[in-house]
Amino acid sequence: MSFREAFLFWLKLGFISFGGPAGQIAIMHQELVERRRWISEKRFLHALNYCMVLPGPEAQQLATYIGWLMHRTWGGIVAGALFVLPSLFILIALSWIYMAFGDVPVVAGIFYGIKPAVTAIVLHAAYRIGSRALKNGALWAIAAASFVAIFALHLPFPLIVASAALIGYLGGRFDPRRFALGGGHGKSDKSWGPAIIDDDTPTPEHARFRWPRLLKIALVGAALWVIPMAVLSLLLGWSHSLTQMGWFFTKAALLTFGGAYAVLPYVYQGAVTHYGWLNPTQMIDGLALGETTPGPLIMVVSFVGFVGGWQASDVQALVGGNLLLGGAIAATLVTWFTFLPSFLFILAGGPLVESTHNDLKFTAPLTAITAAVVGVILNLALFFGYHVLWPAGFEGQFDAFSAAIAVAAGVALFRFKANVMHVIAACGVIGLVVRLALS
């Protein structure tokens, strides 16, 4: 396949990659394995297994991996970047509309209906992950302990992830039967015909492991992180909002085991509770916007950055009070620090993965982390539900209309397996009708 063909495909994928990681991976499988036959089923799944055990958005990392395998480093960079950039530009535009016109009755009415839908969506995510991950009592216990840890004890999310990983590591050694579920997608003997990169195609020269290459990538990656952080720290100071965003979202990028829903509680703890870059209602609205745009759901961090840059006084002082510019700079900065590790994991680790075509063996910690994530996401659903159903707190009035919308969204998702985007659109229309009728 030519670089031009691949470029056009990755560009198209960036605009049509709706449906979360499962939908995005399905699109890539259909296009690359079944229709175009650029890569075989086994090679595709082998790459996916590696991406599944990494922190970060697995679909974006899979695109980066396949792009790298086909067209070297620039192929991986182009594939991964085009997976993200359309979503970034769309989210900046939607975030501007939200912040500039969010008080307009029509926009406010739409978000009034979307908020309860998001609560149902997060609850459904906990169910989907839990039904797949919690296969025995040990994993149920880990999920319950993580819920108690974050809900009652208010322990930081990184500590919960680290504890779960340690339990999984020990469990994999001493009781492998309970922790052998893994996070990969296994093997497949299904064939769609000869592929350009087939099962027995030799590993290309650029994908062979070499220590000098690994060292070079590590140094370049370190520079791409250190230089922006050093510039921000020296010019603006360590306590400046943009510097803290870079540091915070670097840590968040290394904690996204189990998908975006897993790291959202950590983003909430930091962005809402600790830094105050946005409020709980804005966090819920941001998740709704993230659900309705192409690209990985973790792109919701771009919305967090935009709102933080829009509202932070030190950012606005830097850009002379230009709200849109401050928000756009913060959103772009946050996206850079969130996705930089994903590129480095693929470009540095890809040759190691290509050196063997056997299943990866590091799934026991991932299994335990995924179980812990279920409890954390359940806590997130309760958090969203509280702010939606009691917008003024428990001492205020219960919002019966929001409760009805949340129940309807839940029925659509759990009972009728409705598409998330369709649920959000329908609830937005219902919310608009309700608000206009009440006004």
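Which ones in the stretch 372-386 are open to solvent by less than 10 Å² (accessible area, probe 1.4 Å) and over 21 Å from Gly113 (Cα atoms)? Scanning the stretch 372-386 gives Ala372, Val373, Gly375, Val376, Ile377. Filtering the stretch 125-157 to residues that are within 16 Å of Gly385 (Cβ to Cβ) and crowded, with 20+ Cβ neighbours inside 10 Å leaves Ala125, Ala126, Phe147, Ile150.
Residues in the stretch 296-335 that are surrounded by fewer than 18 Cβ atoms within 10 Å (Cβ to Cβ) and touching a residue at least 12 places away in the same chain (Cβ under 8 Å): Asp314, Leu323, Leu324, Thr332. Please go through the stretch 240-259 and pick out each residue that is of a type in the set (Gly, Ala, Ser), open to solvent by less than 20 Å² (accessible area, probe 1.4 Å) and under 30 Å from Arg132 (Cβ atoms). Result: Ala252, Ala253, Gly259.
Results for (1) touching a residue at least 12 places away in the same chain (Cβ under 8 Å); (2) touching a strand residue (DSSP E or B) at 6+ places or on another chain (Cβ under 6 Å); (3) within 18 Å of Ala59 (Cβ to Cβ); (4) part of a helix (DSSP H, G or I), shown as yes or no for each residue.
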residue: Thr250; (1), (2), (3), (4): yes, no, no, yes
residue: Ala262; (1), (2), (3), (4): yes, no, yes, yes
residue: Pro265; (1), (2), (3), (4): yes, no, no, yes
residue: Pro294; (1), (2), (3), (4): yes, no, yes, no
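I'd like the full set of residues that are in contact (Cβ under 8 Å) with a residue 12 or more places away in the chain and open to solvent by 20 Å² or more (accessible area, probe 1.4 Å), limited to the stretch 207-239. Residues satisfying the conditions are Arg208, Phe209, Arg210, Arg213, Leu214, Ile217, Ala218, Leu224, Trp225, Pro228, Leu232, Leu236. The listed residues are Gly186, Gly182, and the only one of them that is on the phi > 0 side of the Ramachandran plot, of a type in the set (Gly, Ala, Ser), at pLDDT below 95 and surrounded by 15 or more Cβ atoms within 10 Å (Cβ to Cβ) turns out to be Gly182. Taking the criterion of being in a loop (DSSP other than H, G, I, E, B) and among the β-branched types (Val, Ile, Thr), would at least one residue in the stretch 323-330 satisfy it? Checked the stretch 323-330: no residue is in a loop (DSSP other than H, G, I, E, B) and among the β-branched types (Val, Ile, Thr).
One line per residue, one yes/no per condition, for (1) more than 28 Å from Ile150 (Cα to Cα); (2) part of a helix (DSSP H, G or I); (3) under 25 Å from the mean Cα position of the chain (by Cα); (4) at pLDDT 90 or above:
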| residue | (1), (2), (3), (4) |
| --- | --- |
| Ala372 | no, yes, yes, no |
| Leu380 | no, yes, yes, no |
| Gly393 | no, no, no, no |
| Phe401 | yes, yes, no, yes |
| Ile430 | yes, yes, no, yes |
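Pairs linking a residue in the stretch 403-417 that is closer than 17 Å to Arg128 by Cβ and modelled with pLDDT of 95 or more to a residue that is open to solvent by less than 70 Å² (accessible area, probe 1.4 Å) and outside any helix (DSSP H, G or I), with Cβ atoms under 8 Å and 6 or more positions apart or on different chains, are Ala412/Ala418.
The values are calculated or read from the model by the stated rules, or taken from the named source; none is laboratory data. Predicted, not measured: the structure shown is a model, and the values here were computed from it. Cβ: placed from backbone, ideal geometry, glycine included. Neighbour counts: every protein chain shown. Keep in mind that these areas ignore ligands, DNA and RNA; they rest on the heavy atoms of the full protein, side chains included. Shrake-Rupley method; radii C 1.70, N 1.55, O 1.52, S 1.80 Å.
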